[in-house]
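The values are calculated or read from the model by the stated rules, or taken from the named source; none is laboratory data. If you're wondering where the values come from, they're calculated on a predicted model, not measured in any experiment. Ideal geometry is used to build each Cβ from the backbone, glycine not excepted, and the neighbour counts take in all protein chains shown. Side chains included, ligands, DNA and RNA excluded: accessible areas come from the protein's heavy atoms. Shrake-Rupley method; radii C 1.70, N 1.55, O 1.52, S 1.80 Å.
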Amino acid sequence: MQMLSGLGKARYIPLLILFTLAIMQSCRKNPKEMTDEELAVAISEKKTYQQLLDLAGNAGIDTRKFEAKAGTQPVFGLLEELAFGHKPTIRFTQKKIKADTTLIRDAAEELVNGQSVEKVLERLEPVFPVYHNLKIHYTRLLKEQKKDSAAYVAQTLNAYRWIHRQIQGAPRFVVVNIRGAYLTAMDSAGQHVLTMRTIVGKRDTPTPTIDTYATSIVTHPYWNVPKSIAIKEIFPKAAANPEYLAKNRIQVIDKDGQAINPEELEWGDLTAEKFPYRFRQETGEDNSLGLLKVEIKNPLAIYLHDTNARYLFKSDQRWRSHGCVRVQHPTDLANYMAGTKLLDSDFMAEPDTVSHPPKWHKLKVRVPVFLLYLPADCNPKGDLMYFPDVYKRETPNA
């Protein structure tokens with residue numbers, strides 16, 4: 001048989017290459033059939049992982065613990081950090097929600113399939129507009145060599161990634177920024193629906209950071225005076241002035257929940273520390289909680305509420321409560337949390353003389369509520385804002 005000439009052989013080289021690629025493709029394992037370890041190995045062997053690190057750095061993530069070393073890289077840990085962040089400094093967390101492993105797994109499979117890292121991260125990171133705007137400002141600050149300012153923004157970026165973790169399945173959520181003394185209500189996609197001023201804790205009675213959910217709306221709430229306020233403020237005034245309690249519509253309640261006549265008490269024989277009763281203020285607009293309270297699950301006796309001193313919202317110095325959060329537009333907030341028109345717009349216009357018993361409106365779905373201490377944030381227009389360290393406790397770190 002006559003041997004093929006060099007020219008004849010060359011004619012078959014493209015076919016040979018295609019045949020080889022076809023064999024390699026047929027042998028290549030489908031990413032959906034790969035284990036997490038196999039996916040991590042495949043991503044580690046590509047330039048993909050370095051691209052992930054670079055983009056994570058642009059999102060304010062400290063990538064040092066994820067940096068490439070010999071062998072398989074912590075791919076899934078980095079993907080989880082990009083999607084859901086790590087827990088910020090929060091005093092009370094009702095429950096840490098597990099990361100959506102399906103979302104992370106899908107991202108890894110897409111990367112192995114050759115999808116661009118940018119496209120994968122679009123589906124992995126929070127879709128909140130505020131998060132996107134913060135990333136833009138973070139990149140700008142790095143270019144301008146403003147590292148301290150960038151560190152503040154990085155801290156808030158992580159907070160929104162954490163919120164992304166905690167709100168899974170929730171139709172709406174609420175964020176109170178203690179440092180800025182304002183509240184933002186957003187839908188599940190992070191679109192701003194409500195923004196209002198708040199009055200939060202003073203430096204010596206700070207509002208604690210909390211990650212929890214709202215349980216109910218209470219109209220015409222009693223104010224059950226916290227023990228610390230009862231000892232320091234109410235008892236001394238009641239003991240010194242027999243008319244103080246009646247003037248402020250404050251009742252003395254016994255251990256059985258019954259109101260007793262304060263005139264029958266021997267105030268001289270009692271002390272604030274060993275006072276066997278509690279104080280409760282009657283309902284009405286002159287009640288310290290105003291006409292409405294939003295109960296949130298926590299052991300710290302913290303809630304959101306109306307106030308009988310609404311003029312204080314005009315001030316820029318709104319760190320003056322005992323720790324709870326007074327909200328500027330309680331009716332709007334209640335209706336948004338309920339997902340329906342729970343209260344009419346004229347609810348807040350009731351005169352002082354109107355008094356009703358408390359009524360509880362249990363929320364049909366859990367609404368996540370976050371009380372955070374954010375040093376920076378973006379307004380709905382996308383402008384970057386910084387806030388004073390009112391409690392003198394924060395240092396820039398992501």
Under 5 Å from the placed amide H of residue 308, counting only residues 5+ away or on other chains, we find 290
At a probe radius of 1.4 Å, what is the per-residue accessible area of residue 318, in Å² to the nearest 10?
20
What distance in nm separates the two pseudo spin-label positions at residue 345 and residue 254, each 7 Å out from Cα along the beta-carbon direction?
4.9
How far, in nm, would the chain grow between residue 359 and residue 216 when pulled straight, counting 0.36 nm per residue and subtracting the alpha carbon separation?
50.5 nm
Per-residue accessible area for residue 188 at 1.4 Å probe radius, Å² rounded to 10?
70
Would you mind checking segment 39-68 for residues with the amide N under 18 Å from a putative spin-label position 7 Å along Cα→C-beta of residue 101?
39-41
Students sometimes get this wrong: rank 277, 391 by accessible area, probe 1.4 Å, all chains present, largest first.
277, 391
3J(HN,Hα) from dihedral phi, segment 170-183, Karplus parametrisation 6.51/-1.76/1.60, rounded to Hz, x for glycine, proline:
7, x, 7, 8, 10, 10, 10, 8, 5, 5, x, 6, 8, 10
For segment 231-334, with all protein chains present and a 1.4 Å probe, just round the carbon and sulfur fraction of the accessible area to a whole percent.
46
Nearest 5 is fine: what % of DSSP beta bridges in the chain come out antiparallel, could you say?
80
Any idea what log10 I(q)/I(0) is at q = 0.18, 0.23, 0.33 Å⁻¹ for segment 68-111, Debye with uniform C-alpha scatterers and no solvent?
-0.65, -0.86, -1.21
What is the Cα convex hull volume of the chain when expressed per residue in Å³?
204
Of the GluC sites (Glu not before Pro) in segment 97-179, which ones lie in a loop per DSSP and count no more than 13 other C-beta atoms within 10 Å?
144
Just to verify a number: FRET efficiency for residue 243 and residue 189, C-beta to C-beta distance, R0 = 45 Å, to 0.05?
0.25
From most to least accessible, 1.4 Å probe, no ligand or DNA/RNA atoms counted, 269, 211 line up as 269, 211
Where is the GNM fluctuation largest for the chain (alpha-carbon springs, 10 angstrom cutoff): 205, 139, 271?
271
Taking Rh as the Kirkwood radius, which is the inverse of the mean 1/r over Cα pairs, what is the Rg/Rh value for segment 30-123?
0.98
Additional length obtainable on full extension of the chain from residue 272 to residue 46, 0.36 nm per residue less Cα span:
74.5 nm
Over the chain, average the accessible area per residue using a 1.4 Å probe and give it in Å², no decimals.
53
Over the heavy atoms of residue 300, what accessible area does a 1.4 Å probe trace out, to the nearest 10 Å²?
50
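Multiplying the sequence separation of residue 136 and residue 92 by 0.36 nm and subtracting their Cα-Cα distance, what value in nm do you get?
12.8 nm
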Portion, in percent, of the accessible area of segment 62-126 that falls on carbon or sulfur, probe 1.4 Å:
48
PRE zone check, label point 7 Å out along Cα-to-Cβ of residue 297, amide N under 13 Å, scope segment 326-341, hits none
Output ordering of 161-170, 369-378, 335-344, 175-184 (per-residue mean of other Cβ within 10 Å, highest first) is 369-378, 175-184, 161-170, 335-344
For residue 296, distant residues with modelled amide H under 5 Å away
215, 304
